[in-house]
Amino acid sequence: MKTALIFGVSGQDGSLLAKFLLEKNYRVVGISRDALGSTFRNLQKLGIKDMVSLRSASLHDFRSVLQVISQDNPDEIYNLAGQSSVGLSFEQPVETFESISMANLNLLEAIRFLKISKLKLYSAGSCEIFGNTGNERASERSRIRPKSPYGVAKAAALWQVANYREAYDLFACTGIMFNHESHLRPERFVTQKIVKTACRILKKSGEKLKLGNIEIKRDWGWAPEYVEAMWLMLQQDKADDYIVATGKTYRLQEFVERVFLRLGLEWEEHVEIDATLMRPTDINASHANPEKAERKLNWKAKYSMPDIVNFMIDKEINET
């Protein structure tokens with residue numbers, strides 16, 4: 001039985017990955033800054049909280065990282081922790097950089113220090129590193145030019161992993177994840193905000209859905225299948241970085257239209273554009289080329305934006 005350590009186990013990806021690994025017969029150890037005080041709501045929603053060994057540790061504290069790795073002697077480590085909101089990163093740039101880049105560096109240093117030869121690391125990357133891709137599809141070799149503090153932090157973490165892989169021969173990978181959604185997203189993420197607000201409007205809440213720029217274009221995937229790609233990266237003979245995406249891009253307005261259409265509502269009657277929700281700088285278009293993951297990992301997304309809308313609405317209706 002392999003042991004996997006998941007930093008950020010309480011988030012969407014951490015919880016879904018924990019479920020996936022348990023089904024693969026892993027011993028799963030979930031790390032949180034406060035394992036005693038956290039509710040681990042997502043693990044509870046998935047019905048797996050009692051199956052995960054929970055530990056307290058902070059990636060900001062080098063000593064606690066060393067302790068938790070030494071204690072559990074994992075085969076695989078998944079770093080999914082850190083501030084995860086692009087919008088919030090403009091308000092909290094220092095916290096964002098520290099929780100993503102400096103925390104990632106602490107983890108890499110701990111792995112280097114402990115010299116556990118079997119250990120493999122997955123680091124959660126982001127398409128935000130590319131900024132605007134224009135009409136081109138971003139590949140693993142595309143220019144890196146982030147347009148948010150979040151993207152800057154993820155770019156630094158990407159290069160840290162690549163440097164440690166080359167300099168110290170660590171088995172370390174970055175999954176460059178394009179947008180991926182599920183019912184486990186908090187409402188501060190725009191896709192969940194749209195779904196939850198539209199469902200409340202259907203129940204005559206009388207509210208308006210307030211959005212910023214609905215002309216932005218994104219590649220939205222289904223998070224439960226993206227965690228398989230994370231795992232596959234660590235099953236390879238050689239460590240490398242991979243883009244994980246559907247390869248299909250849609251405007252945010254199209255996402256909105258599909259949600260309201262599914263609920264039998266006219267979206268124009270219920271949506272307001274709020275200038276205060278516009279970001280100082282934003283990515284107009286984000287296109288992905290996930291060919292490398294398909295070729296080397298034998299992984300290809302089965303679902304794209306129209307499916308995600310249906311899945312999220314079904315979950316929301318069934319849970320409320």
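Is it true that residue 14 is without any contact (Cβ under 8 Å) to a residue 40 or more places away in the chain, surrounded by 23 or more Cβ atoms within 10 Å (Cβ to Cβ), in contact with a Phe, Trp or Tyr (Cβ under 8 Å, 6 or more places away or on another chain) and not polar (S, T, N, Q)?
Judged against the criteria, residue 14 is not a match.
Tell me whether region 292-303 contains one or more residues that are at pLDDT 95 or above, of a type in the set (Phe, Trp, Tyr) and assigned to a loop (DSSP other than H, G, I, E, B).
Within region 292-303, one or more residues are at pLDDT 95 or above, of a type in the set (Phe, Trp, Tyr) and assigned to a loop (DSSP other than H, G, I, E, B).
State which residue is surrounded by the most Cβ atoms within 10 Å (Cβ to Cβ) when the search covers only region 47-86 and only residues that are assigned to a loop (DSSP other than H, G, I, E, B), without any contact (Cβ under 8 Å) to a residue 60 or more places away in the chain and among the hydrophobic types (A, V, I, L, M, F, W, C).
Among them, the one singled out is 59.
Which one is surrounded by the most Cβ atoms within 10 Å (Cβ to Cβ), of the residues in region 268-308 that are of a type in the set (S, T, N, Q) and under 18 Å from residue 213 (Cβ atoms)?
286
Give the residue, chosen from 218, 188, 200, that is crowded, with 17+ Cβ neighbours inside 10 Å and either modelled with pLDDT under 95 or among the basic types (Lys, Arg) (or both).
Of the residues listed, the single one that is crowded, with 17+ Cβ neighbours inside 10 Å and either modelled with pLDDT under 95 or among the basic types (Lys, Arg) (or both) is 218.
The values are calculated or read from the model by the stated rules, or taken from the named source; none is laboratory data. Here the structure is a predicted model, which means the values were calculated and not measured. Here Cβ is always computed from backbone atoms with ideal geometry, including for glycine, and neighbour counts include all displayed protein chains.
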